[in-house]
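Please read the structure below before turning to the comments.
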Amino acid sequence: MNDAHSIQSHVSVHELILFIPSLSSPPRQFLTLQDLFQIRCVSMTFRDYIDDELTVLRKINVAGSDEGVIEPFKVLSRLCEKLEDLNVARCVWMTDELLMPIIEKNS
């Protein structure tokens, strides 16, 4: 890969990041948790950006979700530091082992 292509790719990623709304400002419902984790997988830059936003996330609602959210929930448990509202109603997959780390980190 030549330098010009690397620079072009870097600029494109930066421009795309500018179009992702901040999780800390309305409209927060614009992106779902699934959307965020799909974007997070695009590149290291996207992962770092999303991870930074998740550290200030104040509300998580995974009510009624299936087991597919277990791995993203573990990431949230590791990153979220300012959580005020957590809804895990009707999550049959939820265990104390999954729940306690996020509660302890945000107490």
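Data table
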| read-out | value |
| --- | --- |
| Unique match (being of a type outside the set (D, E, K, R), surrounded by fewer than 18 Cβ atoms within 10 Å (Cβ to Cβ) and free of Cβ contacts under 8 Å to residues at least 60 places away in the same chain) among L98, L76, L83 | L98 |
| The lone exception for A63 - which of (1) outside any helix (DSSP H, G or I); (2) without any contact (Cβ under 8 Å) to a residue 24 or more places away in the chain it fails | (2) |
| Residue identified as at pLDDT 90 or above and not charged (D, E, K, R) among I7, I70, I20 | I70 |
| Looking only at region 66-107, and only at residues there that are aliphatic (A, V, I, L, M) and outside any helix (DSSP H, G or I), the one that is farthest from the chain's Cα centre (by Cα) | V92 |
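The values are calculated or read from the model by the stated rules, or taken from the named source; none is laboratory data. Because the structure is predicted, anything quoted here is derived from the model rather than measured. Here Cβ is always computed from backbone atoms with ideal geometry, including for glycine, and neighbour counts include all displayed protein chains.
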